[in-house]
Amino acid sequence: MKQKTILWVDDEIDLLRSHVIFLSEKGFNVLTETNGEDALDVVRKKEIDLIFLDEMMPGIGGLEVLSRIKEINPQVPVVMVTKNEEEFLMEEAIGSKITDYLTKPVNPSQIFLVCKKILEKKKISDQFTTKDYLQDLNQISTLLQHNLDHSEWIDIQLKLTNWDIELGNLSDLSLLQTLTEQRKDCNKEFSKFVEKNYRTWINSQPSDDVPTLTTQIVEKYLFPILRNSDSPVFFFVIDCLRMDQWLIMESLLSEYFRISKEYYYSILPTATSYARNALFAGLFPSEIEKHYPELWKGNDDDERSMNKYEKDLLAHLLERNRIKLRNELKYIKIIDPEVGRNFENNIMSYRNNHLTAVVVNFLDMIAHGRSDSDLLKEIAPDERAYRSLTNSWFTHSSLLSTFKAISSMKNAKIFITTDHGAIRCLRGAKVLGDKETSTNLRFKYGRNLKVDDKNAVFVRDPLDYKLPRRGVTTSYIIAKEDYYFVYPTEYHKYLSYYKDTFQHGGISLEEMILPIITMEPK
């Protein structure tokens, strides 16, 4: 490993000679200067890893030297060392982008600790991160040998997601490959778990043995807020929001809100036309079709046509539960940037409204757009880059500005969730079906469907899964893990075209285990 070079600038450097020797014995190459001009000359000519800078020196003062150092090398860390403890000086130094601040007299252990913290922080952090991950890896591998319940699967998904983010920051990315393989194993077992238990869940009363499902979200979490408060309530459904994407967004919102989280399981298929309608209706798709046939219309190949009646479904749910709003239910669907900006510009006009429901489609548009765009695939080739793309969008979005504006509203409450997540599909599954079969990649319905049982759940009677019949002989198939369906016709062409795209509709941790967020302004 390359020896680190430290520059120590102090007009009384001879009095610090023991400190310099101590650092040299610890393996650092220590250069010394007694004035600012000479120090600046060293910074221009040599590669310096860390600078200790005295604040009070004859000639150019420490703050001026600091400013000029940053002009030469903005990245070099600088530790200000001074006898002066006045607050204004600390503020000036911090404003000038110092890395740390020490007050004289300093002792050797202080200096050594600062060097370790600044120069070896990432190395030490990586070592501990690796150790902690390997412990969790072994723990998760052990858990997979047992019969896990729905809450334990939520814990596993949270651990995997947090490690996705943590390991993505390591300089050594080899552990990410290990994590990818572990997530693949987890999704294999999770698919078996869902296939075994799903029909029991959807036919059971709420209990500790059954996960909270899409159909329960509004009644369980939103309605108590409406019943107990006349304050403005904003209900956001962010379409296609993965757990890791929410954690990125949360980091930007925590400054403005007190945030609490719980988790739920999406219904199947984890597709917008099924899951989001079920979310707003508080009913399974077959129940919507039965009770509100006029609101279950459209074509699955066009998700917008299947989700035209969300406001009506929510209004019926409010009515069935005898929820009396102070004023009319407001519903906004943000499907393009202009609608988002208009909502942001007019957000204060909603501050007296009891319930405002907002659907945000942008993340779903990114997922679909990436499937069809080589440019987006290049920008976001994997989950780590996909999160980065989410961060870039949200940081500069009208949605973040809208949330900030709501944080200034007295007693406002925000409830956020999603209808489904998305999984990066890497394996194709050959499927057979007639010409009337739906075109979806992660689920299909039609007649005479055939697919390998290892790759999909076969739903022969749609009512078993509380799905619309769509015809006497119609059946469904729902993809497991990271598989996507491909027809035999031009098989290799479409296998290649859809490989490595983010899709939804199937069974996976990423698509099914979803956040429920409540936010209140700080």
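A short reminder: the numbers here are calculations on the coordinates, not readings from a lab. It should be emphasised that the depicted structure is a prediction, and the values quoted were computed from it without experimental measurement. Ideal geometry is used to build each Cβ from the backbone, glycine not excepted, and the neighbour counts take in all protein chains shown.
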Region 124-202 shape via C-alpha gyration tensor axes, a/c threshold 1.5: prolate
Length gain on complete extension for the stretch Ile21 to Lys297, per 0.36 nm per residue less the alpha carbon to alpha carbon distance? 91.4 nm
dims of region 214-422, Cα set, principal axes, largest to smallest, nearest Å -> 50, 41, 31
In nm, give the distance between the simple-model label positions of Asp230 and Asp136, each being 7 Å from the Cα along the Cα-to-Cβ direction. 4.6
Cβ crowding within 10 Å averaged over residues, with 497-508, 340-351 ranked highest first: 497-508, 340-351
Pairwise FRET efficiency - Val76 versus Gln205, Cβ, R0 = 56 Å, nearest 0.05: 0.30
The base-10 log of I(q)/I(0) that the Debye equation returns for region 1-54 at q = 0.28 Å⁻¹, one scatterer per C-alpha, is -1.16
Listed by chain and number, the residues whose amide H is under 5 Å from that of Thr32, excluding neighbours fewer than 5 places away on the same chain and using placed H, are Trp8
Nearest 10 degrees, 0 to 90: what angle lies between the long axis of helix 121-143 and the longest principal axis of the chain (Cα atoms)? 30
Show the residues, 5+ positions off or on another chain, whose built amide H is closer than 5 Å to the amide H of Val359. Val237, Ile332, Lys333, Ile334
Have a look at Val43, Thr5, Met56 and report the one farthest towards the positive end of the charge dipole of region 5-119, computed about the Cα centre with Cβ charges (Lys/Arg +1, Asp/Glu -1). Thr5
Give the Rg (one decimal place) followed by the Dmax (whole number) of region 328-450, computed from C-alpha coordinates and expressed in Å. 18.9, 57
Subtracting the Cα-Cα distance from 0.36 nm times the residue separation, let me have the gained length for Thr439 to Lys123 in nm, one decimal. 108.9 nm
Square roots of 5 times each gyration tensor eigenvalue, C-alpha, region 96-153, largest first, Å: 43, 12, 9
Would you mind computing, in nm to one decimal, how far apart the modelled labels at Ile335 and Asn321 are, each placed 7 Å from Cα along Cα→Cβ? 2.6
Once both axes come from the Cα atoms, what is the angle between helix 243-253 and the longest principal axis of the chain, in degrees from 0 to 90, rounded to 10? 50
Cα-based radius of gyration of the chain once divided by 2.2 N^0.38 Å, which approximates compact folds: 1.21
Describe numerically, in nm with one decimal, the distance between label points set 7 Å from Cα along Cα→Cβ at Leu495 and at His396. 3.9
Using only alpha carbon positions, build the gyration tensor of region 146-270, then give the equivalent ellipsoid semi-axes as the square roots of 5 times its eigenvalues, largest first, whole angstrom. 28, 24, 11
Using alpha carbon centroids, what distance separates region 13-72 and region 445-464, in Å? 71
Additional length obtainable on full extension of the chain from Glu287 to Asn448, 0.36 nm per residue less Cα span: 55.5 nm
Check: C-alpha center region 104-168 vs C-alpha center region 274-298, spacing in Å is 44
In order through region 153-169: 3J(HN,Hα) via Karplus (6.51 cos²θ - 1.76 cosθ + 1.60), integer Hz, x for Gly, Pro: 5, 4, 4, 5, 4, 5, 5, 4, 5, 5, 5, 3, 6, 5, 5, x, 8
Rounded to the nearest 20 Debye, what is the dipole magnitude of the chain about its Cα centre when Lys and Arg each give +1 and Asp and Glu each give -1 at the C-beta? 1880
Normalized C-alpha radius of gyration of region 380-423, against 2.2 N^0.38 Å? 1.48
When averaged across all projection directions, what area in nm² does the alpha-carbon convex hull of region 376-522 cover? 11.5
Work the Kirkwood hydrodynamic radius out for region 5-119: mean of 1/r over every pair of different alpha-carbon atoms, inverted, in Å. 13.9
Compute, for region 427-499, the length of the dipole vector about the Cα centre, with Cβ point charges of +1 (Lys, Arg) and -1 (Asp, Glu) only. Units Debye, rounded to 20. 80
Looking at Ser373, Ile335, Gln205, which one has the Cα that reaches farthest to the positive end of the dipole of the chain (charges on Cβ: Lys, Arg +1; Asp, Glu -1)? Gln205
Using the Kirkwood radius over C-alpha pairs as Rh, can you work out the diffusion coefficient of region 427-499 via Stokes-Einstein at 4 °C, viscosity 1.567 mPa s, in µm² per second? 105
Which FRET efficiency, nearest 0.05, do Glu255 and Ser388 yield, Cβ-Cβ r, R0 25 Å? 0.80
When Rg is the radius of gyration of the Cα atoms in region 262-368 and Rh is its Kirkwood radius, what does Rg/Rh come to? 0.97
Interchain or long-range residues, amide H under 5 Å from Leu426's placed H: Asp500
Once the dipole of region 468-509 is set up with Lys and Arg at +1 and Asp and Glu at -1 on Cβ about the Cα centre, which of Tyr491, Thr473, Gly505 lies farthest towards its positive end? Thr473
Let me spell out the model: positive unit charges on the Cβ of Lys and Arg, negative unit charges on the Cβ of Asp and Glu, origin at the Cα centre of region 325-461. What dipole size does that give, in debye rounded to 20? 380
Which of the pairs Lys4/Lys70; Lys184/Lys430; Lys131/Lys184; Lys430/Lys493; Lys188/Lys499; Lys308/Lys377 have their Cα atoms more than 24 Å apart in this structure? Lys308/Lys377
For region 32-82, what is the largest minus smallest coordinate of the Cα atoms on each principal axis, given in angstrom and ordered from greatest to least? 25, 19, 18
Span from the region 175-193 Cα centroid across to the region 306-360 one, whole angstrom: 38
